[in-house]
Amino acid sequence: MRSSLEARFVRFRSQGWRQFGPLVACLCIAATGCSPAGTGTNLAGTVAAAPSTNAASAAPADQVSTAMPTTGETGASNVRLLALADGVQGGTGLWTFTGGVWTARWAVPDAKALGRDAETLTLATGGSLQSRTVSDPGTSGSAITPKWVEQPPGASIVSVDRSDEGSVAIVLSASGVLSYWIASADGTVRSLSPAPQSPFGPSVAWLDSNRLLAISADSQQIARLAVVDRSSRGATLIESVAGVRVFALSPDRSTLAAATESTVCVAPVGDWLASTRPPMAVALRPSQVVWDLALSADGSRMAMLSGTEDASGAVADIHELVYVHQGAIWAPTLDSPVPFSRAIGQVWID
């Protein structure tokens with residue numbers, strides 16, 4: 001039987017890429033990584049399926065160390081990650097990855113999503129959005145209970161990100177259909193308009209207090225990064241990279257990384273917004289799948305959860321891969337198998 005992490009990989013691929021038949025076939029053909037630069041266009045397409053996660057309520061737990069064999073030990077001392085995954089006191093919780101060692105730290109039962117801005121972690125837990133500090137992720141902080149003006153029935157939170165002013169972007173998945181919402185500092189939640197439309201994952205990130213980054217399909221159903229501007233109520237697609245499957249923004253909002261079927265590209269945010277072709281940081285193997293990306297605070301280091309897909313579509317051999325920006329290249333510095341079977345998300349805690 002496949003592990004639940006493998007199942008999430010397979011569900012992500014089957015729901016996000018394959019269930020739309022011929023419509024998505026053109027997308028897969030077009031997903032060639034770092035493509036030539038282009039100009040922005042308006043959002044288009046239809047909302048489609050995305051992976052779902054579980055609900056949550058937070059409670060600290062005793063520390064349980066789990067050492068895993070790691071290669072590239074010389075780079076391990078500078079890597080500090082926080083992952084939301086299973087295997088903490090028999091359920092979902094926060095793992096730390098420091099010095100090349102994974103450690104199960106704090107239980108967050110049935111957690112739904114994890115996000116990070118400069119100094120604050122945001123956890124979607126049960127019926128609330130909880131804040132914790134990056135310096136003390138084990139201590140529960142302030143929380144707001146979302147006050148939904150309207151909410152799709154049976155919806156589950158699958159992604160969150162907090163702006164500098166305290167607003168939280170929320171992505172819901174209901175029956176495999178994504179919807180995008182904004183929770184204000186007092187907890188009032190309203191739908192985001194215009195909303196991204198994507199057959200892929202639910203990544204979302206604030207560029208500033210007014211602009212959000214997400215994945216959206218263009219008129220040809222090719223997935224691209226999209227910038228939604230709340231002040232102008234407009235949206236623009238970034239056309240320099242086609243077939244985006246997952247992305248990450250550095251906590252200082254200066255660097256952006258995006259993975260396609262064949263490559264991972266990294267560049268300053270300004271270059272992406274100008275539709276300048278971003279350089280390739282990592283070339284992916286034909287069978288390699290990137291599940292999640294995370295950038296360090298200043299964007300100089302990148303971590304990815306990655307596995308290998310076999311002919312049946314099962315993904316196994318999940319590893320944490322870490323790269324460091326050195327001059328014109330991104331050098332691999334660490335490779336560690338993960339000790340958990342279901343990962344919801346991860347962030348740098350440096």
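Taken together, the values in this text are just the output of simple stated rules run on the coordinates, not laboratory data. Being a predicted model, the structure only gives us computed values, none of them experimental. Cβ sites come from the backbone with ideal geometry, for glycine too, and all protein chains shown count toward neighbours.
I'd like the trypsin sites (Lys or Arg not before Pro) in the range 205-277 restricted to DSSP loop residues with at most 13 other Cβ atoms within 10 Å, sorted by number.
Arg233
At 0.692 mPa s and 37 °C, plugging the Kirkwood radius over alpha-carbon pairs of the range 68-184 into Stokes-Einstein gives what diffusion coefficient in µm²/s?
Here the translational diffusion coefficient equals 213 µm²/s.
Between the range 238-306 and the range 144-169, what is the separation of their alpha carbon centroids in Å?
The range 238-306 and the range 144-169 have Cα centres spaced 25 Å from each other.
If the label point is 7 Å along Cα→Cβ of Glu119, which residues in the range 163-193 have backbone nitrogen under 15 Å from it?
Counting only backbone N, you get 163-166.
Under a 5 Å amide H to amide H cut-off, with H placed in plane at 1.01 Å, what residues pair with Ser262 once short-range neighbours are removed?
It is Gly33, by chain and number.
Using the Karplus curve 6.51 cos²θ - 1.76 cosθ + 1.60 with θ = phi - 60°, work out ³J(HN,Hα) for each residue of the range 179-191 in order, rounded to whole Hz, and write x for Gly and Pro.
Each residue's phi maps through the Karplus curve to give 9, 10, 9, 10, 9, 6, 4, 8, x, 5, 10, 10, 6 Hz.
Output wanted: per-residue J couplings in Hz (rounded whole) for the range 143-150, from phi through Karplus 6.51 cos²θ - 1.76 cosθ + 1.60, θ = phi - 60°, x for Gly and Pro.
Result, rounded to whole Hz: 9, 10, 9, x, 10, 7, 5, 7.
Can you give the extra length, in nm with one decimal, that the chain gains between Ser209 and Ser135 once fully stretched, where that is 0.36 nm per residue apart less the Cα-Cα distance?
24.3 nm
Measuring from label point to label point, each 7 Å out along Cα→Cβ, what is the Ser142 to Ser219 span in nm?
4.5
Apply the Karplus curve 6.51 cos²θ - 1.76 cosθ + 1.60, θ = phi - 60°, to the phi angles in the range 120-137 and return the couplings in whole Hz, x for Gly and Pro.
Result, ordered by residue: 10, 9, 10, 10, 8, 10, x, x, 9, 10, 10, 9, 9, 7, 4, 6, 9, x Hz.
Label Asp229 and Asp252 with points 7 Å out from Cα along Cα→Cβ: what is the distance between them in nm?
According to this spin-label approximation, the distance is 2.6 nm.
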